[in-house]
1. May I ask for the distance between the Cα centers of segment 54-83 and segment 1-16, given as a whole number of Å?
2. Order by neighbour count: Thr271, Thr291, Thr48, fewest other Cβ atoms within 10 Å first, most last.
3. Can you give the alpha-carbon Rg of segment 35-348 over 2.2 N^0.38 Å, where N counts its residues?
4. Quick one: check the C-alpha center-to-center distance for segment 176-233 versus segment 295-366, whole angstrom.
5. Between Asp222, Asp72, Asp93, find the one with the highest GNM mean-square fluctuation for the chain; connect C-alpha pairs within less than 10 Å.
6. Would you kindly derive the ³J(HN,Hα) couplings of segment 179-188 from the backbone phi angles with the Karplus curve 6.51 cos²θ - 1.76 cosθ + 1.60 (θ = phi - 60°), listing them in order in whole Hz, with x for Gly and Pro?
7. Report the relative contact order of segment 222-366, percent, no decimals, based on alpha-carbon pairs under 8 angstrom and at least 6 residues apart.
8. Just to confirm the number: angle between the C-alpha axis of helix 35-53 and the first principal axis of the chain, 0 to 90 degrees, nearest 10?
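Quick note: the coordinates plus some simple rules give every number you see, no bench work behind them. As the structure is a prediction and not an experimental result, all values here were calculated from the model. No Cβ is skipped: glycine too gets one built from the backbone with ideal geometry, and neighbour counts run over all protein chains shown.
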Amino acid sequence: MNLNFPQMKELVMKLHDERRLEACEYRSLLLCEDRSVIESLHEAARETAVRKFGRNIYIRGLVEITNICRNDCLYCGIRKSNGNIPRYLLAEDEVLGCCRNGYSLGFRTFVLQGGELSESSDGMIERLCRKISGEFPDCALTLSLGERSEDSYRRFREAGASRYLLRHETIDPGHYSMLHPERMSLENRLHCLHLLKKYGYQAGTGIMVGSPFQSVGNIVGDIIFIGEYQPEMIGLGPFIPHRDTVFAGYWKSPASILPGKTHEEEAMDLTLKLISIFRLMLPDSLIPATTALATLSSDGHEKGILAGANVIMPNLSPPAVRGSYSLYDSKASSGAEAAEGLDELKLQLDSIGYKMTADRGDFTAS
Ligand code: SF4
């Protein structure tokens, strides 16, 4: 659909007013290269976020509890077949120590993230949930530990976890199979997302933006799926290659969705547009300006917030293991990405007129 400038601006207003567009209209917005239209999209999203949340950015303390994973996702630096990184699993006391440190710094949400451990880890995770929710009853506990059994999700929820992040990555089964080994299925990922809702988690899903083989049609499908699933949190990470994966040289190929741009520029452009689109579709949602965005660009946090994001997740993990949680190359884990760099983050936010809030930031529908 070829639209002229006024028609493109009308699309932005339609999304703002009606909270949804037709598939071909999402496609036009994603492919739009007119800076004035893109800026009006970001502006509408920014104003929506400010109306709902003020100029407050929620901070979540991220604890990367393990880089051990039973899966072999083709794009991931901690996939099980990568023998080039030392593996670690934090002891329960170490995780609690990270939370105590975070609490003293003002964090009121902890996110335990890690590779997908086997079911035998359920007891340990359940104990951690009980200890953290027992010691910090005023804090929210989020898990991001991959696909688990129904029983596991139920047990973790009963033990105090109230939020769960599980990005579906792509809703297209063919695309999914190009990024994952045969033993993994989109069907199971979607089943897990269903279970998260069933057990009353505030659920987060999302995608990698600019991933290998991704088409604009795939992204439109993801937008429609997320609109139907109605997650409380939406994670949108630009794809960044990892040197120990089959996609190590992917950025050397020409960008395919926005020809003429580099892959880095394409991933940044699309990620920011998607943040704005989801802010307008689901105004109450919690959308992080991700670490991957900050890795791609030194002002990635600011760009994400000015496009409508309202969450940042500084790293509370012990500094000694951060380098081993190597999901993609050059992953940022210091400065404003780190809990000890909160002053730097505060300055970043200050420079664009925002401030951190210690509030738990529970999802509330308006
Ligand atoms: S993306 Fe997640 S599940 Fe896949 S290999 Fe990496 S850590 Fe494991």
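1. Rounded to whole Å, the Cα centres lie 37 Å apart.
2. Thr48, Thr291, Thr271
3. Here the answer is 0.93, to two decimals.
4. Result: 23 Å between the Cα centres.
5. Between Asp222, Asp72, Asp93, it is Asp93 that shows the largest mean-square fluctuation.
6. So the Karplus estimates, Gly and Pro as x, are 10, 10, x, 4, 6, 9, 9, 4, 4, 5 Hz.
7. Taking the mean separation of contacting Cα pairs over the length of segment 222-366, I get 23 percent.
8. Long axis of 35-53 versus the principal axis of the chain: about 50 degrees.
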